[in-house]
Amino acid sequence: MQNVLNAMMTPSFGYAILRMTTPILFATLAAVIASKAGVSNIGIEGIMMFSALAGVIFSGMTKSWVVGLLSALVVGVFLGLMIGFFALKLNTDIVLAGIAVNTLGGGGTIFFLFLASGDRGASNSITSEIVPKINIPLIKDIPILGEVLSGHSGLTYFAFVCVILVYVLLYKTPLGLKMRAVGENRDAADSVGVSVNKISYIALALSGLLAGLAGAFMSMGYMKGFTVNMAAGRGFIGLAAQAMGQGEPIGGMLASLLFGFANAIAINLQGAISLSPQIIQSFPYILVIVSLVFYSLSTRNRLKRIKRAAIESDKTEAKDNS
Amino acid sequence: MVNSDIIDGKINENDYAVKMSGITKVYPNGIAANKDVDFFVRKGEIHALMGENGAGKSTLVKILFGIEQPTSGKIEINGEEISITSPQVAIGKGIGMVHQHFMLVPSLTVAENVVLGIEPRKAKTFIDYKEAVKLTEEISKKYNLHVDPYAKVMDIPVGMKQKVEILKALIRGANILILDEPTAVLTTQETEELFKELKALKEIGFTIIFISHKLNEIKEITDRLTILRNGRYMGVYNTDEVSKQDISRLMVGRDVILSVEKDKAAPKEPILKIENLRFRNQWGKEVLRGVSLNVRRGEILGIAGVEGNGQRELVDILFNIDKPNSGDIRLNDKSLINCSESELRELGISYIPEDRMTYGVADSATIEENLISDRIYEKRFSGKLMLNSAEIAKESEKLIEDYQILCRSRKQQVRMLSGGNIQKVVVAREFSSNPDLIIADQPTRGIDVGATEFIRKKLVSLSREGAAVLLVSADLNEVMELSDSLVVFYEGQIVAYFEDTSTLTDIEMGEYMLGLKRQTDEEIRKVTHID
């Protein structure tokens, strides 16, 4: 146990938390935008897989990380719009459309990987690029803190910038107001001339873009290259973090950090204690379940309190009237 | 009538804000909601559009606001003939609508709701919230409609929500305002406030179309009124030249009097006793205000009234969908409050719900499954482990035959049937369980003549065999012809009881239904049959 605690007290543990948080945070923001606009994007996991592969293939072909990243984003937006097309135009259930994208992400990426590289398991034969790491001047020289905060992939910093961007989009722009209106009361939005369909498509495209960033980070930052099933449930964790963060970007970020923390512990524990690695690796997922239980208990209590307060005030009002 | 105004030179052609002439609307299912209706509204007046439920008021204003397209007819707004293809077109022509069910986003602030879709911007990208609040404050001050721009819509009272809706219309440049039963959700004080505001708007030149069937309100604030009945135009009148009795006679009445053959009822002892029932709905409005009535074996007791006067809440409470705030319901001296649905059924209550697709059937299940759903636990249908499909088939075949359900087989999905046959499935199940009490809520709404006839006959024969029937219906024909005795609901109370319906006239009914007349408490108390 002492080993574990020692490991947790090092700067590299702090660094790992931020690194592990990055893809979850992108996925969470993808879920936040979609759910705010009333279109649940279940397909984040699948989009991450495709974007991760696209990033590897195209950066390998062009030897340019910029092209790789952009192609990952294009794939993300395309898949987001595809979910929209199935759900809004062809009237399939949006959850089913998302599940289809996820299933496709599992098998389809292997297919494309084989086409591109001849491998079925990993993209070893492709020399791909990564998004450069950034050393932040001044901060990098601060002891401990510098080691934690500096030297991350550019995408890690961008993920936290995205929290602010998403917040501003949702709460400070006309588009965000329309998204929230559509998500809450479509008829109300429709009755004042807001195009519900257009807003839904935009939300899904942005959600796909963020899921694309999550995927790009997996193969061009977290690792260099693509392996089968490399998203490893992070898309789903993003959905959980969105729910835990009450659908808000800041709350979602805090929940993502919690899951990043759990992931970092799981990695540190391997080798430090003699539990089977399977159990240790399941730790973040157990945390998902436990925290969701606590979360739903707390909201239920809060709702109960609100309800009780309403009944109380009703009673006093009735007394006042009589 | 309007045209004679023009001929008399009383009024100029240009003085009309809205001229809808010869409007006919036939829905795809063949129901004609409007038949050759004229609706002429002068500039700067408050004009009531009146009629019972289903008279076609809503359809007419939906056409005016571009939500529905007329099958035929002509619309002129401020003298210009136009076709209103969408609400956006209507808004562009200065028409604003306050829907009965508010079109607001609860978690947004009042100001955000007001500017939704026309947000003021700063630096072209961001919403200018200060400006939004300022706009809201300005317009609310200008028209004396006080709201708190910073409050979230979910936290404000209903009356203020309505003001937000009016402001939304005004800020989009409306000068013709349509209000769809605006007082239905308001308390008395809020209603008074609304009337003051509407009068003020009229003073400064706004045209207001006010949908309602409440006579007192109409008398108080409108200048003229147009009456519809069964989708037809019954004329336009100056409010102060027409008496409440006349309005009631024009609004309530039957075009074809249909008669149901039945022998005289021989009622026996009361079986259902409702005592002083009170109920406050989720918005705190008291919708049942001390209802007492008894239903006797061997009679059909009808509940008449304009919709929204407490009938639906009474039925919901009877079938345990809601709980009363006080009062008691007893069947054979057993209290029904807190009984589960299955206990109620075991006590011998059958229920034909108003909304058959939600509460009456499972529409994707088969006819057979629906027919036996209330008796599946009986020994003859289910063994220890498996269902006895032979018995089930026998039972459902019998019911299909007895109740003349037109279908290909008992295995057919219920949703594939016509409305009338779906209702027959409900009725077959409910009537065949040998009930002591049948609660029939709008049992023949929207179904074909043949099925209607069949269901009415069945109701009569069951009552003659000794069941007690409580019939709720907004269809005046049905409730007057089918009931042996009758109560009228008005604003959550019983205002009249008629022991014998055979001598009752439409005019008399109308006056009670619209709250013009009220029996003495003593007369009303007779419905409890306690001497």
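The values are calculated or read from the model by the stated rules, or taken from the named source; none is laboratory data. Small disclaimer: the values here were computed from a predicted structure and weren't measured. Methodologically, a virtual Cβ is constructed for each residue, glycine included, from the backbone with ideal geometry; neighbour enumeration extends over all protein chains shown. For the accessible areas, the whole protein counts, side chains as well, though only heavy atoms, and no ligand, DNA or RNA atoms are used. Shrake-Rupley method; radii C 1.70, N 1.55, O 1.52, S 1.80 Å.
Computed values, structure above
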quantity	calculated
Pairwise FRET efficiency - residue B:101 versus residue A:274, Cβ, R0 = 60 Å, nearest 0.05	0.40
Among beta bridges that DSSP assigns inside chain B, antiparallel share in %, nearest 5	55
Degrees between helix B:158-171 axis and first principal axis of chain B (Cα, 0 to 90, nearest 10)	40
Net dipole in debye of the protein assembly as shown [+1 Lys, Arg Cβ; -1 Asp, Glu Cβ; about Cα centre; nearest 20]	3040
Pairwise burial A:B, computed as accessible area of each alone minus the pair, summed, 1.4 Å, Å²	1700
Nitroxide proxy distance, nm - points 7 Å out along Cα→Cβ at residue B:391 and residue B:36	6.1
Prolate/oblate/rounded label for the stretch A:11-232 (Cα gyration tensor, a/c 1.5)	oblate
Label-point separation, residue A:112 to residue B:151 (7 Å along Cα→Cβ), nm	5.2
Helix-only [θ]222 nm of chain A, DSSP H runs n ≥ 4, -39500 (n - 2.57) each, per residue, nearest 500	-24500 deg cm²/dmol
Calculated Rg and Dmax of the stretch B:135-246 using C-alpha coordinates, Å	15.3, 47
Computed FRET value (nearest 0.05) for residue B:238 with residue B:457, which takes r as the C-beta separation and R₀ as 45 Å	0.45
Chain lengthening between residue A:142 and residue A:187 when straightened (0.36 nm per residue, less Cα-Cα)	10.8 nm
Lys/Arg +1, Asp/Glu -1 at C-beta; chain B dipole; positive extreme among B:490, B:426, B:279	B:426
Sorted peptide list for B:310-319, A:62-71, A:24-33, A:116-125, criterion being average Cβ within 10 angstrom, highest first	A:24-33, B:310-319, A:62-71, A:116-125
Cβ crowding within 10 Å averaged over residues, with A:161-168, A:177-184 ranked highest first	A:177-184, A:161-168
Size of charge dipole - the stretch A:11-232 - debye, nearest 20, with Cβ of Lys, Arg +1 and Asp, Glu -1, no other charges	240
Reach of residue A:140 by Cα under 27 Å, taken over lysines that are not fewer than 8 positions away in the same chain	A:224
Rotationally averaged projected area of the protein assembly as shown (alpha carbon convex hull; nm²)	46.2
Prolate/oblate/rounded call for the stretch A:127-271, Cα gyration tensor, a/c under 1.5 rounded	prolate
Of all DSSP beta bridges in the protein assembly as shown, antiparallel share, percent nearest 5	55
Full-extension gain in nm, residue B:337 to residue B:71, via 0.36 nm per residue minus C-alpha separation	90.9 nm
Neighbourhood net charge (14 Å Cβ-Cβ; Lys/Arg +1, Asp/Glu -1) for residue B:412	+1
Inter-chain Cβ neighbour average for residues B:514-522, partner chain, 10 Å	0
Exercise: per-residue mean of other protein chain Cβ atoms within 10 Å, A:189-197	5
Charge sum, other residues only, whose C-beta stays under 10 Å from residue B:211's C-beta, Lys/Arg counted +1 and Asp/Glu -1	-1
Estimated distance in nm for a label pair at residue A:300 and residue B:131, the labels positioned 7 Å out from Cα along Cα-to-Cβ	4.7
DSSP H segments from chain A that extend 27 Å or more along their own axis, Cα-based, with Kyte-Doolittle mean of -0.5 or above	A:11-36, A:65-84, A:94-117, A:196-217, A:249-269, A:283-321
Shielding by partners - mean other protein chain Cβ count within 10 Å, residues of B:126-139	1
Value at 222 nm in deg cm²/dmol, rounded to 500, when DSSP H runs of n ≥ 4 in chain B each add -39,500 (n - 2.57)	-9000 deg cm²/dmol
The protein assembly as shown, accessible area per residue, ligands and nucleic acids excluded (1.4 Å, Å²)	45
For chain B, with +1 on Lys and Arg beta carbons and -1 on Asp and Glu, the positive-most of B:205, B:303, B:65 along the dipole	B:65
For chain B, radius of gyration divided by Kirkwood radius, i.e. Rg to Rh on alpha-carbons	1.01
